[in-house]
1. Please find, among B:Ala206, B:Ala261, the residue that is among the hydrophobic types (A, V, I, L, M, F, W, C), in contact with a Pro (Cβ under 9 Å, 6 or more places away or on another chain) and away from chain A (no Cβ under 14 Å).
2. Report whether or not B:Ile135 is part of a strand (DSSP E or B), in contact (Cβ under 8 Å) with a residue 12 or more places away in the chain and either out of contact with any Phe, Trp or Tyr (no Cβ under 8 Å at 6 or more places or on another chain) or more than 14 Å from every other protein chain (Cβ to nearest Cβ) (or both).
3. Please name all residue pairs, on different chains or six or more residues apart, with Cβ atoms under 6 Å, provided the first residue is in segment B:298-310 and is within 13 Å of B:Pro42 (Cβ to Cβ) and the second residue is assigned to a loop (DSSP other than H, G, I, E, B).
4. Sort through A:Val121, A:Val110 and tell me the only one that's more than 14 Å from chain B (Cβ to nearest Cβ), surrounded by fewer than 21 Cβ atoms within 10 Å (Cβ to Cβ) and β-branched (Val, Ile, Thr).
5. Going residue by residue through segment A:157-164, is there one that turns out to be in contact with a His (Cβ under 8 Å, 6 or more places away or on another chain), within 11 Å of chain B (Cβ to nearest Cβ) and either assigned to a loop (DSSP other than H, G, I, E, B) or within 21 Å of B:Leu179 (Cα to Cα) (or both)?
6. All but one of (1) assigned to a loop (DSSP other than H, G, I, E, B); (2) free of Cβ contacts under 8 Å to residues at least 40 places away in the same chain; (3) under 15 Å from A:Val98 (Cβ atoms); (4) not acidic (Asp, Glu) hold for A:Pro59; state the number of the condition that does not hold.
7. Residue under question is A:Val67, and the condition is that it be more than 29 Å from A:Ser155 (Cα to Cα) and either surrounded by fewer than 22 Cβ atoms within 10 Å (Cβ to Cβ) or without any contact (Cβ under 8 Å) to a residue 60 or more places away in the chain (or both); does it hold?
Amino acid sequence: MIVAERKPFDEISDLLAGYDKVLTVGCKTCVAVCLAGGEKEAALLNKELMLARKVAGKPVETCAALVERQCDMEFLAELDDIVDQYDAIVSMACGAGVQFMAERYPTKPVLPGVNTTFIGVNRDVGWYEEKCRSCGNCLLGVTGGICPITMCAKSLMNGPCGGTNQTSCEINKDQPCAWYAIYQRLAGQDRLDNILKMTEIMDWRNNVPRTIVQPGYEQRKAAFSDK
Amino acid sequence: MAEFKSNSKLERILRAGHFAFTGELGPPRGSSVEHVREKAKPLKGNVDLVNITDNQTAMVRMSSWAASIIAKEEGLEPNYQMVCRDRNRLAMQGDILGAYAMGINNILCLSGDHMQFGDHPGAKGVFDVDSTQLIHMVKKMRDEGTFQGGAEIEEPPKMFIGGAANPFAEPFEWRVHRLAKKVAAGVDFIQTQCIFNMEKFRKWVAQANDMGLTEKVYILAGVTPMKSVGMAKYMKNRVPGMDVPDEIIKRLQGAEKGKVAEEGIKIACEQIEEFKEMKGIAGVHLMAIEWEHKVPEIAERAKVLPRPVV
């Protein structure tokens, strides 16, 4: 899932200076699971905002809404009827959701309520770890299911580097060395030959905004473009 | 005998079968040409090649290629260090062409210390290519005369290609395979991490010999004389990938007051003596960290002088 962190209150408060009617929209998917931008977090932000603005003598009217997935126009459309009543929208979704919301309501200021941090896993409640950089050229098949692009601090493809500290990464003793782990896992599966050959220079595909149109939908996309 | 791959002095020395002796020079954190010239003086005539470090420990310094040119003007043979942290493949290849155009014939391809170690921890690490891939890219530029992207190079840069090896870091059994990968990628010479754990180093070299790697690459053993007990402890505990056995620290602690640095040099000289006889070792890379002025004395006492003229 996509993992995000709530932005510091002061930063959100600064972004909202001058707006007196604010719609805060949570997202029910990834950011709700990681406790950053779901229903509860949207309500909590509104409470903080109202209190701070009341104390400052500049009261604000807020409303909290919740959308199934802000990365989906169909669900954003549910807000169409209420958006006009507000001066600004805070989207608690990931960066994709914020941008889609801003695209749907181009005349409204749409402001981010969270910092989108990474694609990761739910290790435990409140504990998430990054696992994927979406490089677009997955190496996991040869690296024992451990991503060197994400988990190695230098994204080495022929590691480990000389900074391996026992079994840790040179940046931090608490950070396991990805290549140590790759080596151990492949050795355990008798697949070390996977990494004995040099991995060629990467063809990075995440340098431009990427679009995927599955073959079955090409005509649909063409129809959209004609509109 | 096959043709020389480059105009490198180090290549000529190694090919002639001499035991190589190389040193290091860290560029200043400023633009002082004098600083580089001063540091170069004690190295001249005492080493065959001088590594010019590239923003080492992720601290900004005068660029390696510029300091390499100054070192060359001072009569040294520079080894242009290049780390993967700060450049993408476009900048790397451009700098390699420029360095070669300015008479630099040796390059050392490194990953580079992580940004987090230095004083710009928020810098974006590039790591477009890794050190093994960089070696391969430089070889392709030299031997095939093509850029990484495939286009032909007008006057390809004929670099003598170096790489690093850490024989100690875990997993130990992987280390020789990592060396093998660099050899397959096209490395000509290797300079190892500072060696303190001789027993482990002997094992690593034996493995490299058994795999036939030492017939394909020149290995220069890394030696760093310890200046103090504090330095030894710091290297043991704080420098990633460093293996400093307790015996070394005990031996330094056992030295008479005011004689610790002397003991450090003695240990280094004993190591060098062993490396001269060690099968698979073609020379020594002396990393006298911020101790360049001691290089003539160490070279003298290690009996590696005079340096061969080739």
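1. Numbers: B:Ala206 fails: in contact with a Pro (Cβ under 9 Å, 6 or more places away or on another chain).
So the residue among B:Ala206, B:Ala261 that is among the hydrophobic types (A, V, I, L, M, F, W, C), in contact with a Pro (Cβ under 9 Å, 6 or more places away or on another chain) and away from chain A (no Cβ under 14 Å) is B:Ala261.
2. Values: part of a strand (DSSP E or B): no; in contact (Cβ under 8 Å) with a residue 12 or more places away in the chain: yes; either out of contact with any Phe, Trp or Tyr (no Cβ under 8 Å at 6 or more places or on another chain) or more than 14 Å from every other protein chain (Cβ to nearest Cβ) (or both): yes.
Here the answer is no, as B:Ile135 does not meet what is asked.
3. Note: pairs meeting the criteria are B:Ala299/B:Asn46; B:Ala299/B:Leu305.
4. Details: A:Val110 fails: surrounded by fewer than 21 Cβ atoms within 10 Å (Cβ to Cβ).
Result of the check over A:Val121, A:Val110: A:Val121.
5. Residues of segment A:157-164 that are in contact with a His (Cβ under 8 Å, 6 or more places away or on another chain), as a first pass: A:163.
Pick out the ones that are also within 11 Å of chain B (Cβ to nearest Cβ) and you get A:163.
With the extra rule that they be either assigned to a loop (DSSP other than H, G, I, E, B) or within 21 Å of B:Leu179 (Cα to Cα) (or both), the set shrinks to A:163.
Checked segment A:157-164: at least one residue is in contact with a His (Cβ under 8 Å, 6 or more places away or on another chain), within 11 Å of chain B (Cβ to nearest Cβ) and either assigned to a loop (DSSP other than H, G, I, E, B) or within 21 Å of B:Leu179 (Cα to Cα) (or both).
6. It fails just one condition, (3).
7. Values: more than 29 Å from A:Ser155 (Cα to Cα): yes; either surrounded by fewer than 22 Cβ atoms within 10 Å (Cβ to Cβ) or without any contact (Cβ under 8 Å) to a residue 60 or more places away in the chain (or both): yes.
It is true that A:Val67 is more than 29 Å from A:Ser155 (Cα to Cα) and either surrounded by fewer than 22 Cβ atoms within 10 Å (Cβ to Cβ) or without any contact (Cβ under 8 Å) to a residue 60 or more places away in the chain (or both).
Yes/no matrix, rows are residues, columns are (1) of a type outside the set (Lys, Arg); (2) over 30 Å from B:Ala58 (Cα atoms); (3) within 21 Å of the chain's Cα centre (by Cα):
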position	(1), (2), (3)
A:Leu79	yes, yes, no
A:Pro112	yes, yes, yes
A:Thr117	yes, no, yes
A:Ala153	yes, no, yes
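Bear in mind that the values in this text are calculations on the coordinates, not laboratory data. All of these numbers come straight from a predicted model, not from anything done at the bench. Using ideal geometry, Cβ is built from the backbone for each residue, glycine included, and neighbour counts are taken over all protein chains shown.
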